[in-house]
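Worksheet: one structure, shown below.
The values are calculated or read from the model by the stated rules, or taken from the named source; none is laboratory data. Bear in mind that the values here come from a model prediction, so they are computed numbers and not experimental data. A quick note on method: Cβ atoms are made from the backbone with ideal geometry, for glycine too, and the neighbour counts reach across all protein chains shown. Side chains are part of the model used for accessible areas, which takes the heavy atoms of the whole protein and leaves out ligands, DNA and RNA. Shrake-Rupley method; radii C 1.70, N 1.55, O 1.52, S 1.80 Å.
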Amino acid sequence: MFDFVNFEESLKKLEEMTDKIRREDTSLEEAIKCYEEGISCYNKCNEILQNAKQSIEVIKREEV
């Protein structure tokens, strides 16, 4: 649904969506859209972190 290039970009967008949801002037419809986009950003960040973790584990095994 949403395509972000890297972790920092996804995290920044997630923070923006969180801030927007917390604002009192955000409508319910807009908050729902922000929530959906935030979930997508969260999933992308999580995917990037999991891939990084796997890469680090491979490097650690190669060093032993």
- Message: Pull out all pairs, ordered by first then second residue, where Cβ-Cβ is under 8 Å, the residues are six or more apart or on different chains, the first lies in segment 26-49 and is of a type in the set (Val, Ile, Thr), and the second is assigned to a helix (DSSP H, G or I) and at pLDDT 95 or above.
- Response: THR26/LYS20; THR26/CYS34
- Looking at ARG61, ARG23, which one is over 19 Å from the mean Cα position of the chain (by Cα), open to solvent by 100 Å² or more (accessible area, probe 1.4 Å) and modelled with pLDDT under 95? ARG61
